[in-house]
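For reference, the structure discussed in these notes is given below.
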Amino acid sequence: MGHFINAAIFSVIVLVAIFLVAHYPESWPGRILFARLGPVPGRFEARSRYFLRWAAYAADWFVQATFAFAIGWAAWRAKPSLADSLPFLVLWLVVVPLLAIASLTGSALALAAFLWRRYVGAERAGGASGALRT
């Protein structure tokens with residue numbers, strides 16, 4: 001029963017923290033949490049090119065997650081007692097694969113958007129420039 005109480009207290013703390021950061025986005029934690037991550041659109045850059053850079057950015061995250069998974073595998077092979085460590089198992093078998101799946105999905109979606117805009121959408125040969133306004 002004590003675990004449920006701890007989980008409820010933790011959930012309330014997280015919700016209050018999210019509420020405070022959402023209402024004060026210019027605060028120090030708000031600026032950190034709401035900072036723009038990833039490629040910034042270039043001046044007069046075609047949107048398809050921007051999507052291609054996003055695909056490369058997400059693919060880089062996938063490679064990093066794969067590398068982190070390989071390091072975890074090597075650490076587990078070197079020291080099998082790590083299988084008894086819950087933090088290691090959660091990081092290695094849950095967090096890193098979820099990061100890999102999310103980044104691979106993002107990369108695939110950005111690549112699909114690039115291909116669509118470049119070859120089917122508005123930027124195909126003779127079409128509009130598709131430049132982003134900054």
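The values are calculated or read from the model by the stated rules, or taken from the named source; none is laboratory data. Note that the coordinates shown come from a computational prediction; the quantities given were computed from them, not determined experimentally. All Cβ positions, glycine included, derive from the backbone under ideal geometry; neighbour counts span all protein chains shown. The area values use the complete protein model at the heavy-atom level, side chains included, leaving out ligands, DNA and RNA. Shrake-Rupley method; radii C 1.70, N 1.55, O 1.52, S 1.80 Å.
For the stretch 18-39, name all the residues that are surrounded by 10 or more Cβ atoms within 10 Å (Cβ to Cβ) and either at pLDDT below 90 or under 21 Å from the mean Cα position of the chain (by Cα) (or both).
We begin by selecting, within the stretch 18-39, every residue surrounded by 10 or more Cβ atoms within 10 Å (Cβ to Cβ); these are 18-22, 24-25, 27, 29-31, 33-34, 38-39.
Residues satisfying the conditions are Ile18, Val21, Ala22, Pro25, Pro29, Gly30, Arg31, Leu33, Phe34, Gly38, Pro39.
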From the set of residues in the stretch 75-118 that are without any contact (Cβ under 8 Å) to a residue 40 or more places away in the chain and among the aromatic types (Phe, Trp, Tyr), which is least open to solvent (accessible area, probe 1.4 Å)?
Trp92
Evaluate the stretch 19-36: report whether one residue or more is over 30 Å from Glu123 (Cα atoms) and β-branched (Val, Ile, Thr).
yes
For Phe67, are the conditions met, namely being surrounded by fewer than 13 Cβ atoms within 10 Å (Cβ to Cβ) and modelled with pLDDT of 95 or more?
yes
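If only one of Gly72, Gly2 is loosely packed, with under 11 Cβ neighbours inside 10 Å and among the small types (Gly, Ala, Ser), which one is it? Walk me through how you get there before you give the answer.
Values: Gly72 fails: loosely packed, with under 11 Cβ neighbours inside 10 Å.
So the residue among Gly72, Gly2 that is loosely packed, with under 11 Cβ neighbours inside 10 Å and among the small types (Gly, Ala, Ser) is Gly2.
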